[in-house]
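Participant: A single structure is presented below for examination.
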Amino acid sequence: MRIINPDADPQSVIPGIDPLRIPRHIAVIMDGNGRWAQERGFPRIFGHRNGAAAVRETVETCGKLGVEALTLYSFSSENWKRPKAEVDALMELCAIYCDNERDELIRENIRLRAIGRWQDLPDPAGEAIARVIEATNHCTGPTLCLALNYGARDEITRAVRSIAQSAKAGEIEPSDISDELISANLDTAGLPDPDLLIRTAGEKRLSNYLLWQLSYAELYIADVLWPEFNKEELCKAIQDYASRNRRFGGLNNSPS
Ligand code: IPE
Ligand code: IPE
Ligand code: MG
């Protein structure tokens, strides 16, 4: 039996929506910042800066809808290939976002967590993330999860290594290795798998994102660029999701 967050009011956001058809966990690939800026004749970093408003609106709307977890692809393990000036600017924005949003997250009872090798990020970004994780540790509402210096293959490799170490130490038998044990060793341990993956800016690929966890996610590609993403676009994606028939390999159409 699914328990809907009592503070949420999904029908005030999407009239008539069945609360049981709201995704529990939404994963987002926030793409298109660079194109958004370049279309306007500005440097790419201008697009990243303008993406912050879309993040805020998405977090706020997910809270009202009763979404339990929102995972945002913020910096991939491959994004280090970009010019140093862009990487530095992204790191600076990450620190600014964390510092600016901390009080609001606490007010909204949102718990921040991070996945990926975020501890390896340079300061002040690394420190700022750690501070908000700590400051929101007591929050019992939705989870906002930032994928930072994240790559799914790296995450799976680390999980496999940790399981192999437990086996070598005699703590587990190879036959103990299960779907659940692997999930529990991923950075997302404890979160339900995403029900819905939204990617903005039209690209139809996963870009090394949550490869294990997205096994049965519904995919939604929005053509808008990330800085243009807003409450209306999010509601469109959720309405589309709510209309789908998720079968998980079976034949039934039962809401999760
Ligand atoms: C997504 O926007 C943000 C990050 C990857 C950090 P992009 O910077 O990839 O924008 P496009 O895809 O080049 O337009
Ligand atoms: C994925 O977007 C990473 C993030 C949104 C942080 P990219 O723009 O890096 O992905 P590709 O290069 O188009 O696959
Ligand atoms: Mg991109």
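The values are calculated or read from the model by the stated rules, or taken from the named source; none is laboratory data. For clarity, every value in this text was computed on a predicted model and none was experimentally measured. Note that each Cβ is placed from the backbone with ideal geometry, even for glycine, and that neighbours are counted across all protein chains shown. Ligands, DNA and RNA are excluded from the accessible area calculation, which covers all protein heavy atoms including side chains. Shrake-Rupley method; radii C 1.70, N 1.55, O 1.52, S 1.80 Å.
Participant: Applying the selection to the range 1-58, what residues are among the β-branched types (Val, Ile, Thr), open to solvent by less than 40 Å² (accessible area, probe 1.4 Å) and more than 19 Å from the chain's Cα centre (by Cα)?
Facilitator: Of everything in the range 1-58, those that are among the β-branched types (Val, Ile, Thr), open to solvent by less than 40 Å² (accessible area, probe 1.4 Å) and more than 19 Å from the chain's Cα centre (by Cα) turn out to be 13, 14, 17, 45.
Participant: I've got another one for you. Looking only at the range 196-243, which residues are of a type in the set (D, E, K, R) and either away from ligand 1 (no atom under 16 Å from the Cβ) or surrounded by fewer than 16 Cβ atoms within 10 Å (Cβ to Cβ) (or both)? Outline the logic, then answer.
Facilitator: First, the residues of the range 196-243 that are of a type in the set (D, E, K, R): 199, 203-205, 218, 223, 228, 231-233, 236, 240.
203, 204, 205, 218, 223, 231, 232, 236, 240 - these are the residues of the range 196-243 that are of a type in the set (D, E, K, R) and either away from ligand 1 (no atom under 16 Å from the Cβ) or surrounded by fewer than 16 Cβ atoms within 10 Å (Cβ to Cβ) (or both).
Participant: Out of curiosity, is residue 65 surrounded by 20 or more Cβ atoms within 10 Å (Cβ to Cβ), at pLDDT 95 or above, within 18 Å of the chain's Cα centre (by Cα) and closer than 22 Å to residue 189 by Cβ?
Facilitator: For residue 65, the condition - surrounded by 20 or more Cβ atoms within 10 Å (Cβ to Cβ), at pLDDT 95 or above, within 18 Å of the chain's Cα centre (by Cα) and closer than 22 Å to residue 189 by Cβ - is not met.
Participant: Anything in the range 104-144 that is within 16 Å of ligand 1 (Cβ to nearest atom) and either acidic (Asp, Glu) or crowded, with 16+ Cβ neighbours inside 10 Å (or both)? List them, or say none.
Facilitator: Answer for the range 104-144, where residues must be within 16 Å of ligand 1 (Cβ to nearest atom) and either acidic (Asp, Glu) or crowded, with 16+ Cβ neighbours inside 10 Å (or both): 114, 115, 116, 117, 118, 121, 125, 129.
Participant: Which residues, counting only those in the range 13-34, are touching a residue at least 60 places away in the same chain (Cβ under 8 Å), within 16 Å of ligand 2 (Cβ to nearest atom) and either touching a His at 6+ places or on another chain (Cβ under 7 Å) or not in a loop (DSSP other than H, G, I, E, B) (or both)?
Facilitator: Result: 26, 27, 28, 29, 33.
Participant: Looking for something in a loop (DSSP other than H, G, I, E, B), open to solvent by less than 10 Å² (accessible area, probe 1.4 Å) and within 16 Å of ligand 2 (Cβ to nearest atom) - is there at least one such residue anywhere in the range 145-167?
Facilitator: So the first thing to find is which residues in the range 145-167 are in a loop (DSSP other than H, G, I, E, B), and the list is 151.
With the extra rule that they be open to solvent by less than 10 Å² (accessible area, probe 1.4 Å), the set shrinks to 151.
From what is left, the residues that are within 16 Å of ligand 2 (Cβ to nearest atom) are 151.
Yes, the range 145-167 contains a residue that is in a loop (DSSP other than H, G, I, E, B), open to solvent by less than 10 Å² (accessible area, probe 1.4 Å) and within 16 Å of ligand 2 (Cβ to nearest atom).
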